[in-house]
Amino acid sequence: MKRILTIQDISCLGRCSITVSLPVLSAMGIETSILPTALLSTHTMFESPFRMDLSEQMQAITAHWKKENIHFDAIYTGYLGTEEEIALTQQVIRDFRSEDTIVFVDPVMGDHGRLYAGFSSSYAEKNRSLCAMADMIVPNITEACLMTGIEYRENYDEKYIKELMAKMRAVLLDTSGSTDICQENPSPSSQIVAITGVSLSPGQIGAAGLDSSDDEYYICQTEQLPAVYHGTGDIFSSVTAGSLLQGLSWQEALQKAARFTACTIRASMEEQADPRFGVAFEKVLGQEL
Ligand code: PXL
């Protein structure tokens, strides 16, 4: 069985981060280890959540794993919380990456053109250097804009998405001349940049991807349902990362993730629940993965 490590916060209520990644990856038949970066009463869309930083605990946990010589087939990072936790996550990648480890980074920090509560532009800078360590990254449009300096647009076309991916790739390969990115991917020329939440025609949504080794471009679109829920990005990333581990190509992984995410949204709409509580993925977990 493949073993993945996911590094994200635990939001105790409001399905997101570890509380969705763990069940989704387990349902995909993948042994899932967790490294929590912080403990929150809820995610940050609820007002004033309780928050406990787990930086110290992250170090103690990984020190133990090092002694045990633990191997991970993949490391998947999501919402981290602070710049210090990004730096610690980078160290975990350095310590536990082996030749066959897939490093998958979702640089969670914003949506709809804005940073999430508690983040500043320097958090985006740090996320750029985390992305440079990855084999595959999956920012949404907002996050790609924050990391490339491209202006965020609500209305865009395919050319804009291609420009975002090309600029993101240049940032990762450090062809931009910037000195603040430390290129630590053993094979930087084969990174996949995928942009999520891309809608290229009314009623359709999905992801676009670019393979930096051969410039292959791919776009998948699926039905866009008329509802927005918290945590769908984490569902999408978990399915993409899990699918890569199952041996699917990155294009197949994106397509499966887009389809599954749409299914969870459909299941949630039947419930008419408060969108802050996330999607009712439990209803489709067994059937779709
Ligand atoms: O779903 C992303 C996410 C994860 N964890 C926390 C968040 C968010 C997005 O707002 O606040 C704590």
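The values are calculated or read from the model by the stated rules, or taken from the named source; none is laboratory data. A quick note: this is a predicted structure, and the numbers were derived from the prediction, not measured. Reconstructed Cβ throughout: ideal geometry from the backbone, glycine too, with neighbour counts over all protein chains shown.
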Residues of segment 230-273 being aromatic (Phe, Trp, Tyr), within 14 Å of Ile137 (Cα to Cα) and more than 12 Å from the chain's Cα centre (by Cα), in sequence order, are Trp250
Looking across segment 274-289 at residues that are in a loop (DSSP other than H, G, I, E, B) and within 20 Å of the chain's Cα centre (by Cα), the single one that is surrounded by the most Cβ atoms within 10 Å (Cβ to Cβ) is Val279
- Query: Hey, any hits in segment 140-149 for a residue that's closer than 29 Å to Leu248 by Cβ, of a type in the set (Ser, Thr, Tyr) and within 14 Å of the ligand (Cβ to nearest atom)?
  - Reply: yes
Discussion item. Can you say whether Gly231 is within 16 Å of the ligand (Cβ to nearest atom) and within 21 Å of Ala166 (Cα to Cα), as far as the supplied structure shows?
Written reply: no
Just checking, does segment 103-124 include any residue being more than 16 Å from the ligand (Cβ to nearest atom), touching a residue at least 40 places away in the same chain (Cβ under 8 Å), part of a helix (DSSP H, G or I) and not basic (Lys, Arg)? no
Per the filter on segment 42-53, residues more than 10 Å from the ligand (Cβ to nearest atom) and assigned to a strand (DSSP E or B) are Met52, Asp53
Could you go through segment 199-211 and let me know if any residue there is among the polar types (S, T, N, Q) and either touching a Cys at 6+ places or on another chain (Cβ under 9 Å) or crowded, with 16+ Cβ neighbours inside 10 Å (or both). no
Condition first: touching a Pro at 6+ places or on another chain (Cβ under 8 Å), modelled with pLDDT of 95 or more and within 16 Å of the ligand (Cβ to nearest atom). Can you find one or more residues in segment 197-211 that meet it? no
In this structure, is Ala267 at negative phi and surrounded by 24 or more Cβ atoms within 10 Å (Cβ to Cβ)? no
Exercise. Does any residue of segment 21-41 turn out to be within 12 Å of the ligand (Cβ to nearest atom), within 25 Å of Gln246 (Cα to Cα) and in contact (Cβ under 8 Å) with a residue 40 or more places away in the chain?
Worked result: yes
Of the candidates Glu125, Glu99, Glu83, Glu56, the one satisfying the condition of being in contact with an Asp or Glu (Cβ under 8 Å, 6 or more places away or on another chain) and not polar (S, T, N, Q) is Glu125
Yes/no for Gly247 being in a loop (DSSP other than H, G, I, E, B), small (Gly, Ala, Ser) and at pLDDT below 95
no
Taking segment 60-102 and keeping residues farther than 18 Å from Ile192 by Cα, in a loop (DSSP other than H, G, I, E, B) and within 16 Å of the ligand (Cβ to nearest atom) leaves Tyr79, Leu80, Gly81, Thr82
Practice task
Determine, yes or no, whether Ser237 is modelled with pLDDT of 95 or more, of a type in the set (Ser, Thr, Tyr) and within 16 Å of the ligand (Cβ to nearest atom).
Solution key: yes
Within segment 1-20, residues being charged (D, E, K, R), more than 13 Å from the ligand (Cβ to nearest atom) and crowded, with 24+ Cβ neighbours inside 10 Å number 0
